[in-house]
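> Here it is: the structure, laid out below.
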Amino acid sequence: MMQRYFPWAIALAALVLLMISNGMVLTGITAFDESLLRDFGWSRGALKFRDLLTLLITGLAAPFIGILIDRLGVRPLIIAGSVLLALMYFAYGHVTSLLHVYLIHVAFAVVLVACGLNVAVILVSQWFVRHRGTAIGIALVGTSLGGMLFPPLIVGLIADGGWREGFKLLAFVPVVTLLIGAFLARPPASFGLAALGADNPPPQGGGVPNPATDLAYGEALRTVTFWALAFTAMMTFYSMLAASAHLFLHMRDMGFEPVTAGRALSVMFGMALIGKFLFGLLADHLPQKLVFLANIAVMFAGSLFLATLRPDLIWIAISLFGLGWGGLYTLLQLQAINSFGLTAAGKILGTITVLDAIGGGLGIWLTGVMFDRFGSYQVAFAVITGLLFVAFLVSTRIRKETKPAPAH
């Protein structure tokens, strides 16, 4: 019984891990922005530079995370990241300058490396041979749930006791991820169990590395598909993180109440959650590249509505934007594995992560800079629309790559 169900408990634990780490570092925290801007008088570009720091350092560290995991395992990383997240949220409640904010967000990069996507995916992968894709999909739902649950919670905490008290109270939330690290984040053998499906692995080519047909890292870098995937990831991450990081402020600019602005973020990430399941299902029955292109097209349609700056169209905009992004987030990983195989997937995805993290950080920061320069999000949202159109064109070049024939 334990052998059958415990791996799925690990997948759910990874979901909670991503919900808290992503929600507290990247998405939910934006509900504090209005209070910080009001009390300190900072520009939006100056405040949002914090996110560029976080994502840039996270991206640069991503290729090296595998080394730490190989040497230490995921358990000590999750424990250390959880403690650091709690300390930094408590410190956020005492900030008095931008320098303090920037230093906290440098530490947040360490949190994302220790408790974020790569660690969660590797933890889940250790427990599954069969159904690994489904299990990883369950874990990735956590990134959407974090964006859904934390903004309304933060709005309520600010209303009750102010933003400083809100940060201090949320510092207790990472106790949950600390417990996951301490008691669950271990390989199956430490529980006297085996990975699900280890006694009946999938057939050759059905989810296991195959050096005979998979592309090596260097071979992948020499393909058009790799760079098409990398730049598509960079442009779509720029767009999504820019839109989500500024949505709360944009809603407030249009006259919506804080509770409604927080709800808008919940809607966007709720639609992303639906998109993960909907487009994942479609990818099982339709050509995956076609579904991938459809994801970008739906995001592009949402960006067109967003760029109008019209309050009566904002709900359509964020619904389409989130829906398209949800499927795209999952299919980006799948496209890379399907294009190059699993043998060098870690290095390939790690390199793409560097670019999409840089893109996401630039999106958040430059959107704030453009608001400061032009007094509205008109130009910034037009840039997002343009990038998504280019991403659609570039992604048409993605295809299944074959191993080069040996030289004679």
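> For the stretch 351-379, which residues satisfy the criterion of being under 16 Å from M234 (Cα atoms) and either in the same structural domain as D51 (by TED's automatic domain parsing) or not β-branched (V, I, T) (or both)?
L355, D356, A357, G359, G360, G361, L362, G363, W365, L366
> Being touching a Ser or Thr at 6+ places or on another chain (Cβ under 6 Å) and either free of Cβ contacts under 8 Å to residues at least 60 places away in the same chain or of a type in the set (S, T, Y) (or both) narrows it down to one residue among S125, S82; which is it?
S82
> Another one. What number of residues within the stretch 169-189 satisfy the criterion of being without any contact (Cβ under 8 Å) to a residue 12 or more places away in the chain and in a loop (DSSP other than H, G, I, E, B)?
The number of residues fulfilling the criteria is 0.
> Spot the failing condition for G166; the list is (1) surrounded by 19 or more Cβ atoms within 10 Å (Cβ to Cβ); (2) in contact with a Gly (Cβ under 7 Å, 6 or more places away or on another chain); (3) of a type outside the set (K, R), and only one is missed.
(2)
So that you can scan it fast, the table gives a plain yes or no per residue for (1) of a type outside the set (A, V, I, L, M); (2) within 25 Å of L72 (Cα to Cα):
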residue: V111; (1), (2): no, yes
residue: L117; (1), (2): no, yes
residue: V124; (1), (2): no, yes
residue: F128; (1), (2): yes, yes
residue: V141; (1), (2): no, no
residue: L145; (1), (2): no, no
residue: R164; (1), (2): yes, no
residue: T177; (1), (2): yes, yes
residue: F191; (1), (2): yes, yes
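> Within the stretch 93-130, take every residue that is among the hydroxyl-bearing types (S, T, Y) and within 22 Å of the chain's Cα centre (by Cα) and give me the one that is modelled with the highest pLDDT.
Among those residues, the one meeting the criterion is Y102.
> Of (1) under 27 Å from L56 (Cα atoms); (2) within 20 Å of the chain's Cα centre (by Cα); (3) not charged (D, E, K, R), I274 satisfies all except one. Which?
(1)
The values are calculated or read from the model by the stated rules, or taken from the named source; none is laboratory data. Please read these numbers as outputs of a predicted model, since none were measured by experiment. Cβ coordinates were reconstructed from backbone atoms using ideal geometry, including for glycine residues, and neighbour counts include every protein chain displayed.
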